[in-house]
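The structure follows.
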Amino acid sequence: MRKIPAILSALLLSLVGVYLVSVSYAKPLAPPLRVGVLVSDSGPLYFAGPIQRATVKLAAGDLAKAEQPVNVSIDFEDLGDSDNEFLNATNRLAKFKPDLTLAPIESSSAIRFLKYIGPIPTISVSALTEKIENSSWLFRLATTQSQEIIALAQYIIESKADSVAIVFSDDDYGKSTMKSLAMAFALRGLSRVQVVPIAESELLAKSKPDAVVLASMEQSVSFLSNSSNLPRKPNQLFLVAGNQANYSNFSWAENLSGTLALSSDNEVPNSFRLRLAQALNRPSIQTSQNPMVALAYRSYQAIMLSAESYLRSKSTSAPKLKAALLDTHVDGKDLFTSAGFLNQAKYAVYKYSAKGSYSLAGEYDPKQ
């Protein structure tokens, strides 16, 4: 057999290589999934922005390396605090042409954004207000305040409490939470419900309720600091989302011993905590009870869910992506209701120690 000169052999190999590369490039490339992420770089929740960005980048990186990879193109936008900032951000987003968006984490910004964005699937990772116009394209990965209040009322009733006092603050949060709780108790047949302003909490000593729910935010400190002075403590004290916090730095922290709080089951895997802590160079995230860690994990889930819907629908069409999101199942149950609310089956029960910190004490699955 005639030998091929070495230089010709090398040339043939290089040509084969060029051919193979040409063939590979000739294959149609799937278009990227375009996701607009509305972050909080300004305003009262400015500290959330870096966490949101780091989380979304982790998810996009994982999807690029997945067994069935998805190329996710991300546009981060902060709606700002002024009309001009909102206009500039939405103009940039319009040029990006997102297939899906992650909603702002503040209710006021989300309400304004949803009026602008139009028929595009939007995933919320925070507990936005329930009263949002144009929300037919909104999917909530976080339970709403109303859902958590209903679950708390049911939990208290099932704990055999025959009488309940709702101590509320004289502000919008306290009043709205008090009204929602009172309605939830009434609808479940509990007639002995007393509503008490924080300023008149001494009335609890006379009524002696089986359970007390503290419906307040900043004013919670004034009540909790004086609770040891009550002639008779309630059998059980419950906190709500607005005052579930770490009180270990207060001298009266022992007053909280045995207090319970209920919140949606937002267990964050240790592996995710570690990766987020490394990405932000913040080791404390590995053990932090800060709600921002759970929000970060939901942001990661939102990007993964977007990609899953994209793969199942095989399209970037808004109606097809919406249908795929509605058809998402977890443990055999629909993840979302037909209105886009989270079908939250289980809640975490947290219990406070005498040191003022809380830890997981169990889980609760409300009876339907």
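So if I check each of PHE113, PHE168, PHE139, which one is of a type in the set (Phe, Trp, Tyr) and more than 24 Å from TYR300 (Cβ to Cβ)?
PHE168
Output the residues belonging to segment 81-111 that are assigned to a strand (DSSP E or B) and within 21 Å of SER42 (Cα to Cα).
If the condition is that a residue be assigned to a strand (DSSP E or B) and within 21 Å of SER42 (Cα to Cα), then THR101, LEU102 are the ones that fit.
Answer with yes or no whether ALA307 is within 24 Å of THR55 (Cβ to Cβ) and in contact with a Phe, Trp or Tyr (Cβ under 9 Å, 6 or more places away or on another chain).
no
Turning to a different aspect of this structure: Evaluate segment 340-349: report whether one residue or more is more than 26 Å from ALA241 (Cα to Cα) and buried (at least 17 other Cβ atoms within 10 Å of the Cβ).
The answer is no, given that none of the residues of segment 340-349 is more than 26 Å from ALA241 (Cα to Cα) and buried (at least 17 other Cβ atoms within 10 Å of the Cβ).
TYR173 passes all but one of (1) open to solvent by less than 10 Å² (accessible area, probe 1.4 Å); (2) under 23 Å from MET217 (Cα atoms); (3) touching a residue at least 40 places away in the same chain (Cβ under 8 Å); which number fails?
TYR173 satisfies every listed condition except (1).
Can you find even one residue in segment 313-328 that is under 19 Å from the mean Cα position of the chain (by Cα), open to solvent by 40 Å² or more (accessible area, probe 1.4 Å) and over 20 Å from ASP62 (Cβ atoms)?
Yes, because at least one residue in segment 313-328 is under 19 Å from the mean Cα position of the chain (by Cα), open to solvent by 40 Å² or more (accessible area, probe 1.4 Å) and over 20 Å from ASP62 (Cβ atoms).
For residues that are within 30 Å of SER306 (Cα to Cα) and in a strand (DSSP E or B), tally how many sit in segment 317-359.
Number satisfying all stated conditions: 9.
Just to be sure before I move on: is LEU128 open to solvent by less than 10 Å² (accessible area, probe 1.4 Å) and part of a helix (DSSP H, G or I) in the structure I sent?
no
Next up: Inspect all residues belonging to segment 115-128 and state whether any of them is more than 18 Å from THR143 (Cα to Cα), at pLDDT 95 or above and among the aromatic types (Phe, Trp, Tyr).
No, segment 115-128 contains no residue that is more than 18 Å from THR143 (Cα to Cα), at pLDDT 95 or above and among the aromatic types (Phe, Trp, Tyr).
Checking LEU114 against (1) assigned to a loop (DSSP other than H, G, I, E, B); (2) crowded, with 21+ Cβ neighbours inside 10 Å, which test does it fail?
Every listed condition holds for LEU114 apart from (1).
Restricting the search to segment 328-364, which residues are closer than 26 Å to SER257 by Cβ and not hydroxyl-bearing (Ser, Thr, Tyr)?
Of everything in segment 328-364, those that are closer than 26 Å to SER257 by Cβ and not hydroxyl-bearing (Ser, Thr, Tyr) turn out to be LYS346, ALA348, VAL349, LYS351, ALA354, LYS355, GLY356, LEU360, ALA361, GLY362, GLU363.
Identify, please: which residue in segment 330-339 is under 18 Å from the mean Cα position of the chain (by Cα) and open to solvent by 50 Å² or more (accessible area, probe 1.4 Å) and is, among those, nearest to PHE76 (Cα to Cα)?
ALA339
Sticking with this structure for a sec: Name the residues in segment 13-53 that are polar (S, T, N, Q) and either at pLDDT 90 or above or surrounded by 10 or more Cβ atoms within 10 Å (Cβ to Cβ) (or both), would you?
Once the filter is applied, which keeps residues that are polar (S, T, N, Q) and either at pLDDT 90 or above or surrounded by 10 or more Cβ atoms within 10 Å (Cβ to Cβ) (or both), segment 13-53 yields SER14, SER40, SER42, GLN52.
Turning to a different aspect of this structure: For segment 46-80, which residues satisfy the criterion of being in contact with a strand residue (DSSP E or B) (Cβ under 8 Å, 6 or more places away or on another chain) and part of a helix (DSSP H, G or I)?
GLN52, ARG53, VAL56, LYS57, ALA59, ALA60, LEU63, ALA64
Next question. Given the condition of a type outside the set (Asp, Glu), within 29 Å of PHE272 (Cβ to Cβ) and at pLDDT 90 or above, answer yes or no: does some residue in segment 80-93 qualify?
yes
What about LEU138, is it at pLDDT 95 or above and within 22 Å of ALA324 (Cα to Cα)?
When the stated conditions are applied, LEU138 passes them.
The values are calculated or read from the model by the stated rules, or taken from the named source; none is laboratory data. Every value quoted in this text rests on a predicted model; they were computed, and no experiment measured them. Because the Cβ atoms are built from the backbone with ideal geometry, glycine has one as well, and the counts that use them run over all protein chains shown. In case anyone asks, the SASA skips ligands and DNA or RNA and just uses the protein heavy atoms, side chains included. Shrake-Rupley method; radii C 1.70, N 1.55, O 1.52, S 1.80 Å.
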